[in-house]
Number of protein chains: 2
Amino acid sequence: MFFYQALQRNAAILPNTIGTSFGDREHTWREVENRVAKAANGLVNIGASKNTHIAILALNSDKYFECLNTIPWAGSVMVPLNIRWSVKENLYSLNDSECSILFFDDTFIETATELMEQCNNITHLIYIGENEAPAGSLSYEELIANNEPMKAVQCDYDDLVGIFYTGGTTGFPKGVMLSHKNLWTSSICLISAMEINKEGDRYLHAAPMFHLADIGIGYGTVISGLTQVFIPAFTPEAVIDTIQAKKVNYVLLVPTMVTLMLSAKSLESADLSSLQNIVYGASPMPEGILISAMEKMPSVEFIQAYGQSELSPLITILPAEYHVLEGEKSGKLRSAGRPGYCVSVEIRDNDGNVLPPGEVGEIAAYGPNVMLGYWKNEKQTQSTIIDGWVLTGDAGYMDEDGFLFLVDRVKDMIVTGGENVFSAEVENTLSLHPKILESIIIGIPSDEWGEAVHAIIRLNDNETLTETEIIEHCKANIANYKVPRSIEFRKEPFPMTGAGKYKKNELREPFWKDKSRAIN
Amino acid sequence: MFFYQALQRNAAILPNTIGTSFGDREHTWREVENRVAKAANGLVNIGASKNTHIAILALNSDKYFECLNTIPWAGSVMVPLNIRWSVKENLYSLNDSECSILFFDDTFIETATELMEQCNNITHLIYIGENEAPAGSLSYEELIANNEPMKAVQCDYDDLVGIFYTGGTTGFPKGVMLSHKNLWTSSICLISAMEINKEGDRYLHAAPMFHLADIGIGYGTVISGLTQVFIPAFTPEAVIDTIQAKKVNYVLLVPTMVTLMLSAKSLESADLSSLQNIVYGASPMPEGILISAMEKMPSVEFIQAYGQSELSPLITILPAEYHVLEGEKSGKLRSAGRPGYCVSVEIRDNDGNVLPPGEVGEIAAYGPNVMLGYWKNEKQTQSTIIDGWVLTGDAGYMDEDGFLFLVDRVKDMIVTGGENVFSAEVENTLSLHPKILESIIIGIPSDEWGEAVHAIIRLNDNETLTETEIIEHCKANIANYKVPRSIEFRKEPFPMTGAGKYKKNELREPFWKDKSRAIN
């Protein structure tokens, strides 16, 4: 399937159904298709073609959704930019991806101008905001008004449809190249397992639309004919209000959003009766938060999706029926679920051998959703895709029932005295201490053990805690070889990536300056 | 997705769940995979490779299912043969498809021997029956016992996985070539729209397994991890008994099977509480039968699928919620439903222009499920696939809500005095007369009108009816230009294809001997 075929199908069979709903503005599917077909023609008329890469830097909106369809309709390649990144980071990905056109909205007027000045490739800025187009940019609405609808450009299912930059916890962000087939197979399997398929139901884009988590589920809901509802950006209030006002049935949230929802005052009195599912994913969900969410929103079903950009992004799904604390299907809440319908998953040791259930190794995944490769990075592609399988960089194990359990990033595992220590497990243990705000566990060089477990700890305000107290807390909860051998306290926040992950490599670096880690 | 990847996934995540159930014999998914991996090695050891075509001629069974997986596992191409065809017809398709290996069961021992004698290509017969392998054939069970499991042969998603011979209402059967991608995309969309996705649920193969209707839905249920239940051949009793004994949740039936179910005595007292859905399709379902089935099986949901081999086979789906006689979603019961998630559908006039809702034309369909082409028949391929779209040969229209209504085969439409007459409509009208058993409407040459409407009628036993009475019945129900201009009575059954369709071309032939039809 071509990306835009889902839009075409909806325009053909649900022409008068609301396709997009943003604030007070609504468009039927026929209108959305018409706008997209005109905007695409506008793109072609300013020179866009098959090899044109087109970036989007904007908050969520119906126009963002139109851009995601317009770009492939014109045969071009979409490059959604991370709205949390600095100008420098986005400049890197704009240059790297060789984008010549940039869509932007009211939030990014200054940034867009700055990017245009600093990036030689960019020939056109297109404004998708709500006012007059700023000087130096084209108006998206005029592009639509001044062009006739064009037929979608024919392409091949394996053609590149988009480049998606990954957070890059290590070094420069990488451009993940995905095809029409990649995105479609991932999305159809997501909605197939989730039963998100009643046309006329409503999906809320609450997570940022540049992110493959929202693109994956969101595109799936387009395939199955759901009305697309948008809020510019996540706030607990906006989500709760919109669910009620627009009778939303499905929403994707990342774990931190769920956490914020739970502390929102309006949640208690909210009428969430329309909401069938909250899909969560993109980063690990602490079990306590999940249980609390299940308790506070008892009428809502929870579904977990685990994936990464390199898999478009589906790897595993934990269906709603496993979100229970009792009965036959309990005990899987900490699992990331089972492989999606199009995905094969293996757990491998360092030599590439497949490990049996229960043993921890690197998660490898395979299917029609495996990316085409990294943009202009053949070396990284070759070390990531081996015989068609993606090495995910995540460590985990499968249980006897085929459920995947994540334990750590492979690079964050610590090998100490021949034993594997998963930083996530030690961090979880530390998080149980009431005085500890957050902690990071890294491996540092040790002449005796190869690597030693090192903890960096931030305490809650006005709390004190000694090294010995922390070690005793750990000894009471985990095996001795996992207990930190050294501890350092910090006041300042930990360095984070744009996607909200800890930059452990930055914290590890000073310790390893003149040495080389076995895993890197 | 490769065809066998669904089996691999089930073996990996549901190893101890029952995969196949046939009579008293059950295999877990791990066992099924193991048997398939060994049998595939057996095939390779007798010379099977990527270009080897392997036929199956057998009733339904767990071993038939294993063959469907074993053949692509070995990298070879499956050719399931029509069990209703004569030796001559199957000989044609065996020769045409250049098969060198033939799987057969107890029902086809004689036929297999005959085919082996007459077909020079065949080098090996493999017996998948329940007894000792007959002389001159290899034993499938020995193939499994004597070979180690092999890894599945790597291939490309676009590689040919099977050749499926179509009924051929006109001339020789055609070999439809389908790829791994074709079958997977059709099947995932079928189960996605039907919500057939709870692993551990059970699907019953009651329709013949050589037919793409059962292969399409059946493969979908393998993708979603359902246990596969088999009966050798359809009888109403076998279906009703098996549903009860094995707690079957889903079954695919063709309309004639539904009709037979309704007259089965055991239906009234049957406990069908496990049965969630009857999927029906493969030929038009008379509305009266459908309503009667809905009344007699009120706890069961009905879903219609319309397709053809050239689309692997999905074109449209009529979901359960439209199987109602009252309310907002009523009025669609005579529709074939809306396009599947991967399918685009257009209605076209003779010049290829797209027609608006309500107008009748030829149904064209497009998607990743479009066949690779007809085997060794480039000419027919080129006249069937135009710019990637399949011309289905079916005439129909779409309503304003995107529901497709079939009216006739294009070739069976009659153009008389500039008006289009759909033979199916006239036949439906005749079927309402209590004295008429069945009827066929064809166009015959007319100097005055180009074509004239001609009826061939079989009356119920011991009934009489005059030409005038029939014409009056028609005039009371349909427009004058649709009323037959000539009528002929027959006692003997109408000529049928192996797939149970009328051979109208054979009935038309004597009238057109020295003339040429505009549509042909």
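The values are calculated or read from the model by the stated rules, or taken from the named source; none is laboratory data. None of these values were measured; they are calculated from a predicted model. Positions of Cβ are generated from backbone atoms using ideal geometry, with glycine treated the same way; all protein chains shown enter the neighbour counts.
At-a-glance table
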read-out: Any helices (runs of 4 or more DSSP H) falling wholly within the range B:1-103 and containing at least 1 residues that are more than 14 Å from chain A (Cβ to nearest Cβ), among the β-branched types (Val, Ile, Thr) and within 23 Å of B:Gln154 (Cα to Cα); value: B:29-45, B:62-73
read-out: Matching residues in the range B:162-193 - criterion: being β-branched (Val, Ile, Thr) and within 14 Å of chain A (Cβ to nearest Cβ); value: B:Thr185, B:Ile188, B:Ile191
read-out: Condition check for B:Glu148: part of a loop (DSSP other than H, G, I, E, B) and more than 14 Å from every other protein chain (Cβ to nearest Cβ); value: yes
read-out: Whichever residue in the range B:451-477 is in contact (Cβ under 8 Å) with a residue 40 or more places away in the chain and under 31 Å from the mean Cα position of the chain (by Cα) and, among such residues, is surrounded by the most Cβ atoms within 10 Å (Cβ to Cβ); value: B:His454
read-out: Hits in the range B:281-307 (condition: crowded, with 22+ Cβ neighbours inside 10 Å and in contact (Cβ under 8 Å) with a residue 40 or more places away in the chain); value: B:Gly281, B:Ala282, B:Ile303, B:Ala305, B:Tyr306, B:Gly307
read-out: Criterion violated by B:Leu372 - all others in (1) under 30 Å from B:Cys99 (Cβ atoms); (2) of a type outside the set (Gly, Ala, Ser); (3) surrounded by 15 or more Cβ atoms within 10 Å (Cβ to Cβ); (4) over 22 Å from the mean Cα position of the chain (by Cα) satisfied; value: (4)
read-out: Members of the range B:354-385 found to be within 14 Å of another protein chain (Cβ to nearest Cβ) and assigned to a loop (DSSP other than H, G, I, E, B), listed by number; value: B:Leu355, B:Pro356, B:Pro357, B:Gly358, B:Gly367, B:Pro368, B:Asn369, B:Val370, B:Leu372
read-out: Strands (runs of 3 or more DSSP E) (entirely within the range A:400-448) containing at least 1 residues that are within 14 Å of chain B (Cβ to nearest Cβ); value: A:404-409
read-out: Index of the failed condition, A:Glu237 passing every other in (1) away from chain B (no Cβ under 14 Å); (2) surrounded by 22 or more Cβ atoms within 10 Å (Cβ to Cβ); (3) in contact with a helix residue (DSSP H, G or I) (Cβ under 7 Å, 6 or more places away or on another chain); value: (2)
read-out: Residue identified as in contact (Cβ under 8 Å) with a residue 12 or more places away in the chain and away from chain B (no Cβ under 14 Å) among A:Gly200, A:Gly218, A:Gly225; value: A:Gly218
read-out: Single residue of the range A:387-399 satisfying the filter (farther than 17 Å from A:Gly340 by Cβ and among the charged types (D, E, K, R)) that is nearest to the other protein chains (Cβ to nearest Cβ); value: A:Asp387
read-out: Residue match in the range A:14-31 (condition: assigned by TED's automatic domain parsing to the domain that holds A:Glu130, closer than 25 Å to A:Leu115 by Cα and aromatic (Phe, Trp, Tyr)); value: no
read-out: Counted residues, the range A:341-353 - those being more than 9 Å from chain B (Cβ to nearest Cβ) and either out of contact with any Phe, Trp or Tyr (no Cβ under 7 Å at 6 or more places or on another chain) or modelled with pLDDT under 95 (or both); value: 6
read-out: Helices (runs of 4 or more DSSP H) (entirely within the range B:172-286) containing at least 3 residues that are farther than 22 Å from B:Lys296 by Cβ; value: B:180-194, B:212-223
read-out: Filter result for B:Leu391 (part of a strand (DSSP E or B) and in the same structural domain as B:Pro368 (by TED's automatic domain parsing)); value: yes
read-out: Residue match in the range A:163-171 (condition: surrounded by 23 or more Cβ atoms within 10 Å (Cβ to Cβ) and more than 16 Å from the chain's Cα centre (by Cα)); value: no
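Results for (1) at pLDDT below 95; (2) out of contact with any Gly (no Cβ under 8 Å at 6 or more places or on another chain); (3) not acidic (Asp, Glu), shown as yes or no for each residue.
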site	(1), (2), (3)
A:His27	no, no, yes
A:Glu31	no, no, no
A:Val36	no, yes, yes
A:Leu43	no, yes, yes
A:Lys50	yes, no, yes
A:Asn60	no, yes, yes
A:Tyr64	no, yes, yes
A:Pro80	no, no, yes
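Yes/no matrix, rows are residues, columns are (1) out of contact with any helix residue (DSSP H, G or I) (no Cβ under 7 Å at 6 or more places or on another chain); (2) small (Gly, Ala, Ser); (3) at positive phi; (4) at pLDDT 95 or above:
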site: B:Gln118; (1), (2), (3), (4): no, no, no, no
site: B:Tyr127; (1), (2), (3), (4): no, no, no, yes
site: B:Glu132; (1), (2), (3), (4): yes, no, no, yes
site: B:Leu160; (1), (2), (3), (4): yes, no, no, yes
site: B:Tyr165; (1), (2), (3), (4): no, no, no, no
site: B:Gly168; (1), (2), (3), (4): yes, yes, yes, no
site: B:Lys174; (1), (2), (3), (4): no, no, no, no
site: B:Leu178; (1), (2), (3), (4): yes, no, no, yes
